[in-house]
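Take a look at the structure below.
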Amino acid sequence: MLKYAEITRSTFYYQLNNIKEPNKYKEVKEEITAIYHENKGKYGYRRMTMELHNRGFNINHKTVLKLMKELRLQCFIRVQKYKSYKGEVGKICDNLLNREFEAEEPN
């Protein structure tokens, strides 16, 4: 069968042994999913890591990112467009000249 499937014997037995092992991050995955749904999908991996630390799970942010990708959980926050206009800022001076620029002669 291995010959027809075109896989090596070692690969077959490696996968067979991996299936028997319990999932290392089962509890963490459940907790990540719970936190994600509690916050309506607004937590990314950074905030998720902080929340897991607060709940007593000592786990690296890279692992949290990997687990969130496996669970297909992604942070959905709408990007706000940049607006530089801040309205009337500062004090407007009185118009003393009233735009009366009439020169009698040059210079």
Pair list, Cβ < 8 Å and 6+ apart or interchain, from region 1-25 residues that are among the β-branched types (Val, Ile, Thr) to residues that are in a helix (DSSP H, G or I): Thr8/Leu2
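Please find, within region 46-85, the residue that is surrounded by the most Cβ atoms within 10 Å (Cβ to Cβ) out of those that are of a type in the set (Ser, Thr, Tyr) and assigned to a helix (DSSP H, G or I). Let's see the steps before the verdict.
Start the filter on region 46-85 by keeping residues that are of a type in the set (Ser, Thr, Tyr), which leaves 49, 63, 82, 84-85.
Narrowing further to those that are assigned to a helix (DSSP H, G or I): 49, 63.
Values: Thr49: 21, Thr63: 15.
That would be Thr49.
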So which of Glu27, Glu88 is of a type outside the set (S, T, N, Q), assigned to a loop (DSSP other than H, G, I, E, B) and either more than 14 Å from the chain's Cα centre (by Cα) or at pLDDT 85 or above (or both)? Glu88
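I'd like the full set of residues that are among the acidic types (Asp, Glu) and farther than 30 Å from Ile35 by Cα, limited to region 69-107.
Residues of region 69-107 among the acidic types (Asp, Glu): 70, 88, 94, 100, 102, 104-105.
Listed by number, the residues that qualify are Glu88, Asp94, Glu100, Glu102, Glu104, Glu105.
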Out of (1) of a type in the set (S, T, N, Q); (2) at pLDDT 90 or above; (3) out of contact with any Phe, Trp or Tyr (no Cβ under 8 Å at 6 or more places or on another chain), the one Asn95 does not meet is (2)
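The values are calculated or read from the model by the stated rules, or taken from the named source; none is laboratory data. What you see is a predicted model, and the numbers here were worked out from it, not measured in a lab. Counting neighbours? That spans all protein chains shown, and the Cβs are built from the backbone with ideal geometry, glycine included.
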